[in-house]
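Contents: one structure, followed by commentary.
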Amino acid sequence: MKNGLKKKDWILIVVILCVAGLAVLVRTFVGAAGANRVIVKREGEIEGIYSLSEDREVEINGGTNLLQIKNGEASMVQADCPDQLCVHQKPVSLNHESIICLPNRVVVEVESGANREFDAVTN
């Protein structure tokens, strides 16, 4: 018996690679476009809903805050509040992550299918 790959083995490998490639393309172009979004709320009311897949800058609350959506992440790049905690917060991109600006009553929350591996750290 030979240890080489036969014609049927090569056909099986090609079919598996095609199916995997097709799955990646479908998820990239169909699933990711509408699944990940940022919901901007001002005083509990929705002010806007924006896709994380589209780079843009969003003025919130008449310009008191500036939200930047870039490379699938959202971050507060400018705010007129005194403490600037929302500006120094890391960008958010995973499900239920949020940026909160208490002085301006602004909440930015991510709604997506992507979750962290761990929800909390315990001792």
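Coordinate-derived values only; no laboratory data. Everything quoted here is computed from the prediction, not taken from an experiment. As a convention, Cβ positions derive from the backbone with ideal geometry for all residues, glycine included, and neighbour counts pool all protein chains shown.
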* Between residues in the range 51-75 that are free of Cβ contacts under 8 Å to residues at least 60 places away in the same chain and residues that are in a loop (DSSP other than H, G, I, E, B) and of a type in the set (Ser, Thr, Tyr), which pairs lie under 9 Å by C-beta distance while being six or more apart or on different chains? -> Ile69/Ser53; Asn71/Ser93; Gly72/Ser53; Gly72/Ser93; Glu73/Ser93; Ala74/Ser93
* Among the residues of the range 81-96, write down those that are assigned to a loop (DSSP other than H, G, I, E, B) and exposed (fewer than 14 other Cβ atoms within 10 Å of the Cβ). => Pro82, Asp83, Lys90, Leu94, His96
